[in-house]
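No lab work stands behind these numbers, since they all come straight from the coordinates. What you are looking at is a predicted structure, and each value in this text was computed from that prediction instead of being measured. Backbone-built Cβ (ideal geometry, glycine too); neighbour counts: all protein chains shown.
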Amino acid sequence: MRQKPGFTAVVLLVVVAATQNFGPLLSAQTVVPTLVPRGVTGMPPSAPASATDILRLYDGALDEVVEKVLPAVVRIEVTSFGRPEDSKYGRDTDVISRQRVLGSGVIVDPDGYIMTNAHVVAGALRIRVTIAPMLVEIIAGGPNLLRQQRVYDAKLIGLDSLVDLALVKIGEKGLPFIPLREQYRVRLGQIVLAIGSPEGLDHTVTRGIVSAVERQVDPDEPMVHVQTDAPINPGSSGGALIDRDGNLVGLNTFTITEGEFSEGLGFAIPEPVVKASYQEFKEHGHLRRPTIKAHIQAITPDLAAGLKLPRDSGIVISDVALGGPADKAGVEPGDVIAKVNNQEVDSLPTFSAALLGGERDRPIEVQVFRGSAVKKLSIMAVDDTKGTGSMADLVEPQNSLIVPLGVFVLELSDRIAERLPDLRSAKGLVVAAKVDYTPKLDADLEVGDVIRSINRVPLNHPEDLRSELARYRPGAAIVLEIEHKKVFQFTAFEME
């Protein structure tokens, strides 16, 4: 990443100006009794703090934070099948192609658990995690590598594309890690550091501030992000955004840009969402996403003034689904959520984390402000059945790919059936996506078709279809019974 000319000079001018403006505070009597800049020798404890000393202290503090967290940020290299982002197929294509993806991850547990973005590892055939050489320390006798590079094959534990988070694991213990905290605090304007592997360049550190605490990029989705101007570039996805104490603020996820380079619009998934998702992935292998069937959005001062809300920050209900859990509990549009299960809720991330961390099969206790009145409501949340945006996101290439037919299939389950209303089949294999090459066999299959049998042999698992196809020699007649747009029909072809 190329640094803009004059950046260091600007910082120096700001510090010097601050020194001049607050001269009485930095007079000859001002001392630095305990903090001695790293690398400064012969400086008596009672020496006055100059602008240079302040810069050294500042740089030294950043050094300590970076050294503390760097070992826990890793590079992730993925060989995968995925949907092309920019291609002739369009953005929401169900065509899947072979890809090589570079990203980053954060070790959150010393037993080898690593959180990253779902889009980094989605459709992975192979996941490799690199714990890179850490720092080179100059000591008597020359440089000394503190740790050698290590490469591990990783296993995908869980993934959810809507929150864009995933958990992978490597077979190692006693690793350095960044803990996921119970208490979460982030402030507008605070200094943050982004660490990742842009373009595969390990342990790249950039600095910026928090530009927005809870930016709702898509007004149709409740997901919010921490916005930062710290440069985040391709390959940084899944890396750490940390504060001055080395605490995780969030996982760097995406940028908004019209060019090839960072424009200061970076976004990270807040730590409470990362923490709750990690616990779900580790325990269940997927994210059980509870919902109260209500649309919630962040309160702005203008919104508060226009609606005459009791507070000018926090979250407010804007819509309630008829017959949903919130509607049954008496929630109304305009209600301001104050507490969930006796925990203060002041943002969408904390509300989402409170839902994710709540006990299943028990109602959540919600306190809301309705005008000047305070209401206590009991809401029985339900699991969100929307799942990920496309069946292609559920594909596991190792298990799902049927090479001769050029399709990815999923076992028909209740979870899949919910995506296909009025489905007649109770068993079979659902075509979830197609490959981007011409398959060996032309069975004329489409995404959403259910393959029920092959030559009258019922199919329940992808391996059933693979093994049956392997039995037939070239020239043999093959007949698939499929459900296509709610109609049972046959499709026939010859083996080649």
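Annotations for the structure displayed:
- Per-q log10 I(q)/I(0), the range 228-291, q = 0.14, 0.26 Å⁻¹ (Debye; single scatterer per alpha-carbon; no solvent): -0.49, -1.05
- Karplus 3J(HN,Hα) series, Hz, for the range 361-377 with 6.51 cos²θ - 1.76 cosθ + 1.60 (x for Gly, Pro): 6, 10, x, 9, 8, 10, 9, 10, 9, 10, x, 8, 8, 10, 10, 10, 10
- Considering only LEU469, ILE451, ALA433, and ranking their Cα positions along the charge dipole of the range 432-473 that arises from unit charges at the beta-carbon of Lys, Arg, Asp and Glu, the one farthest toward the positive end is LEU469.
- Shape of the range 407-468, Cα gyration tensor, a/c cut at 1.5: oblate
- In plain terms, the chain from LYS328 to GLU172 could stretch by 51.4 nm, reckoned as 0.36 nm per residue minus the Cα-Cα distance.
- Annotation note: trypsin sites (Lys or Arg not before Pro) in the range 326-361 located in DSSP loop regions with a Cβ neighbour count of at most 16 within 10 Å are ARG360.
- Interchain or long-range residues, amide H under 5 Å from ILE157's placed H: LEU167, VAL168, LYS169
- Extending 7 Å from Cα along the Cβ direction at ARG415 and again at SER50 yields two label points whose distance is 6.4 nm.
- For the listed peptides 481-494, 190-203, 233-246, a ranking on the average number of other beta carbons within 10 Å per residue, highest first, reads 233-246, 190-203, 481-494.
- Taking label points 7 Å from Cα along the Cα-to-Cβ direction, ILE209 and ARG128 give a separation of 4.2 nm.
- Computed E for HIS295/ASP153 - FRET, C-beta separation, R0 41 angstrom, nearest 0.05: 0.45
- Extension gain for LEU303-ARG181 works out to 40.8 nm (0.36 nm per residue, less the C-alpha to C-alpha distance).
- Between ARG466 and ALA492, the contour length at 0.36 nm per residue exceeds the Cα-Cα span by 7.7 nm.
- Of LYS155/LYS434; LYS68/LYS282; LYS440/LYS486; LYS427/LYS486; LYS275/LYS376, pairs whose Cα-Cα distance is over 21 Å: LYS155/LYS434; LYS68/LYS282; LYS440/LYS486; LYS275/LYS376
- Computed from backbone phi with θ = phi - 60° and the Karplus coefficients 6.51, -1.76 and 1.60, the 3J(HN,Hα) list for the range 484-494 is 10, 6, 6, 10, 7, 7, 10, 10, 10, 6, 9 Hz; x is used for glycine and proline.
- For VAL320, distant residues with modelled amide H under 5 Å away: HIS295
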